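A.B. asks: Pasting a structure here, questions to come.
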Amino acid sequence: MRSLLIALLSLVTALPAVAGTRDETFANIDGGTLRLNDWAGQPVLVVNTASQCGFTHQYDGLQALYDTYSAQGLVVLAVPSDDFNQELASAEKVKEFCEVSFGLTLPMA
């Protein structure tokens, strides 16, 4: 876990220059829009996730990373994907699953 954290932090330190250079948007799981420009100047880690994937336990580590470093400006954005038919049927079900199973409070697309 420590080596993964070091690798992620190395990656994240390179991202502040990227946020704000393009106004990429994501549909917010709560409704509305998430804009990368809203986090300009902050490190943003965008993570492709899937609730029924063998790597679903990644939510624990992502939430821990967010809890540890969000006060210093780190944004961890979870972007659920159903590219491989491993996501729940609706955004509402994904949100409920993530909140109940993993206590997710980080932003989600």
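A.B. asks: Applying 1/(1 + (r/R0)^6) with R0 = 22 Å to the Cβ-Cβ distance of PHE84 and VAL46, what FRET efficiency is obtained, to the nearest 0.05? Don't skip to the end; give the middle numbers.
C.D. replies: Working: r = 18 Å, r/R0 = 0.82.
Using R0 = 22 Å, I get an efficiency of 0.75.
A.B. asks: Can you work out the Karplus-derived ³J(HN,Hα) for every residue in segment 64-75? Use 6.51 cos²θ - 1.76 cosθ + 1.60 with θ = phi - 60°, whole Hz, and x for glycine or proline.
C.D. replies: Once rounded to whole Hz, the list reads 4, 4, 4, 4, 6, 10, 5, 5, 8, x, 5, 10.
A.B. asks: Whole angstrom only: what separates the Cα centroid of segment 82-103 from the Cα centroid of segment 45-60?
C.D. replies: Using only Cα atoms to place each centre, the spacing works out to 10 Å.
A.B. asks: Could you do me a favour and compute the accessible area per residue for segment 36-109, 1.4 Å probe, result in Å²?
C.D. replies: 52 Å²
The values are calculated or read from the model by the stated rules, or taken from the named source; none is laboratory data. Note that this is a predicted model, so its numbers are computed, not measured. Positions of Cβ are backbone-derived with ideal geometry, glycine not excepted, and every protein chain shown enters the neighbour counts. Just the protein is used for accessible areas: all its heavy atoms, side chains included, with ligands, DNA and RNA removed. Shrake-Rupley method; radii C 1.70, N 1.55, O 1.52, S 1.80 Å.
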